[in-house]
1. Of the residues that sit in the range 7-64 and are of a type in the set (D, E, K, R) and surrounded by fewer than 24 Cβ atoms within 10 Å (Cβ to Cβ), which one is farthest from GLY120 (Cα to Cα)?
2. Taking the condition among the hydroxyl-bearing types (Ser, Thr, Tyr) and closer than 30 Å to VAL387 by Cα, does SER73 pass?
3. Scan (1) under 26 Å from PHE263 (Cα atoms); (2) surrounded by 20 or more Cβ atoms within 10 Å (Cβ to Cβ); (3) modelled with pLDDT of 80 or more for the single condition LEU402 breaks and write down its number.
4. Among the residues in the range 236-258, are any at pLDDT below 90 and assigned to a helix (DSSP H, G or I)?
5. From the list ILE82, ILE147, ILE110, pick out the single residue that is farther than 26 Å from LEU350 by Cα and β-branched (Val, Ile, Thr).
6. Can you tell me which residue is farthest from ALA315 (Cα to Cα) among those in the range 261-299 that are under 16 Å from the mean Cα position of the chain (by Cα) and surrounded by fewer than 20 Cβ atoms within 10 Å (Cβ to Cβ)?
7. So is SER180 surrounded by fewer than 21 Cβ atoms within 10 Å (Cβ to Cβ) and either part of a loop (DSSP other than H, G, I, E, B) or of a type in the set (Lys, Arg) (or both) or not?
8. For the range 166-177, indicate whether the set of residues that are under 34 Å from the mean Cα position of the chain (by Cα), assigned to a loop (DSSP other than H, G, I, E, B) and not assigned by TED's automatic domain parsing to the domain that holds SER150 is non-empty.
Amino acid sequence: MKGKILGGIASVYYPKLFTTLRGYNLKTFTSDLIAGIIVGVVALPLAIAFGIASGVSPERGLVTAVIAGFLISALGGSRTQIGGPTGAFIVIVYGIVEKFGVEGLIVATILAGFMLVGMGVLRLGTIIKFMPYPIVVGFTSGIALVIFSSQIRDFFGLQVSQAVPSDFIEKWQFYLNNFSSVNYYALGIGVFTVLISFLWPRINRRIPGTLIALIVSTLAVYFMEMPVETIGSRFGTIRATIPSPSIPVVSWETFRMLLAPAFTVAMLGAIESLLSAMVADGATGGRHRSNTELIGQGIANIITPIFGGIPATGAIARTMTNIRNGGKTPVAGMIHAVVLLLILLFFGNLAKLIPMSCLAGILVVVAYNMSEWRSFKGLLKNSTYEVAVLLTTFLLTVIIDLTVAIQFGLLLAVLLFLKRVIDSSGVKVLDMAVDDEHAEEPETAPKLSIPEKVEVFEVSGPFFFGVANKFDEAESQVLEHPYVRIIRLYRVPFIDATGLSNLKSFIRKSQSNGITVVISGPVKSVYDELEKGQVIALVGQENVCADINLALNRASELVGLIKREHHHKHGHHS
């Protein structure tokens, strides 16, 4: 019994750290150590930039990268995944902080963590991977545009005293009205950061250009005393410690209002982390455990906010940096977190010298890399439906907000899926039956002639609420009055309650018109549903046949009986 329970748990939750530590040796540790140090250094400017862009302090971004980064690697289902704050969350986190304050954000993140654990326990990891591609591209491109537009003020160093509006269109009007107040030093640093980020990889692929830009521009601002805004001038000193744990108390009303944004954080975290794990699998030839990954992400998002962190998930760029630099096991991700912790503790107060326009430049590069403009352009050539889904999620993300976009996107995905299924399902009246149940090749299947006074309705595809009224449509094509109707179900994989109800009313209607109904070839699961739904009792067990041959024979028999009866009646009358 105990073994069975443990086996059941392991099938949902078994961190990769456990499997990779078997046979772990000094050589593997060395490559993990090098990768971990490099990724830790790469993550530093990003953690600070994501913290600030999310509307919270820079140290919250660092704390998230340290705690969540450690936990996601230690408890997740991927060998090489690096977790932490990501660009995808900026938009939603900023919105939550604006509306509910940092306390609201902490509660929403903890809630999202529990939702992620729930998704993993319910084994939804595999389903989330099948999120329609146009939706994923729609909201990632939308987020990229929102991040880009949120950085314009700092990138150009606009000297404005009032806050930038959060609405997308108002924001750009605000920028255009205040464009005369550009600080050219800040603009120069921003442009330099973007150029170095794109050009540096030609010189060295290991050390990221963003870090070089950060160091150079910080030193330039410090020694040349440039009049630009820095982290210190906006936020004061950075507390170089991990805050003590605390859970804020919110009212029941606020708690209820936080459920929707928490769901968005959980969905976004799930999609982003599984996408990142799949990209990592592609690069390493490994296989991640999606449900374990969700549970690991969930635990990280429950614990991190207690120490003042923000939502975290798997980060594709940092995960790829880890793989490129030789990271082999989750130990590399744990080392990256320790490296960040040491930087925070020993050099944290130097972060106040970093110019804001340099961080804006880093985020412009992040937005460009996130935008997936090539995929976006490619998808515009697809079917009208997919283009509609892409543009709807994109515009909702940009103009309204991400919560609405994800909920609407999911709804659209379900509707599109239903439409596809409905289009592939149908009921048609055959003029020639084909015995393709027994044929090796459907093309060469023997054709069977249908006896006179017999009609064959063939149902194909799932028989559910979306297909329910197709019987009436098919029936309207039939002219003469048959004696027997065969309903052929062998192409039906499943039938739901609405399908059963419609099938029953169609059978009753046929019977009231004096037509006998024969059911042909239901698969085992459909047969069981028909039995439970009393359809078998309605037509009679003798009128349920295993395949079309038997059904046609039965129909011939019934037609013969009915004809004899008619003959008998009319014989008496004459």
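The values are calculated or read from the model by the stated rules, or taken from the named source; none is laboratory data. As the structure is a prediction and not an experimental result, all values here were calculated from the model. With ideal geometry, Cβ positions are generated from the backbone for all residues, glycine too; neighbour counts draw on all protein chains shown.
1. Within the range 7-64, the subset of a type in the set (D, E, K, R) is 16, 22, 27, 32, 59-60.
With the extra rule that they be surrounded by fewer than 24 Cβ atoms within 10 Å (Cβ to Cβ), the set shrinks to 22, 27.
Values: ARG22: 25, LYS27: 33 Å.
The qualifying residue farthest from GLY120 (Cα to Cα) is LYS27.
2. On the way: among the hydroxyl-bearing types (Ser, Thr, Tyr): yes; closer than 30 Å to VAL387 by Cα: no.
So SER73 does not fit the description; no.
3. (3)
4. No, the range 236-258 has no match at all.
5. On the way: ILE82 fails: farther than 26 Å from LEU350 by Cα; ILE147 fails: farther than 26 Å from LEU350 by Cα.
The unique qualifying residue is ILE110.
6. Selected residue: PHE263.
7. Details: surrounded by fewer than 21 Cβ atoms within 10 Å (Cβ to Cβ): yes; either part of a loop (DSSP other than H, G, I, E, B) or of a type in the set (Lys, Arg) (or both): no.
In short, no.
8. no
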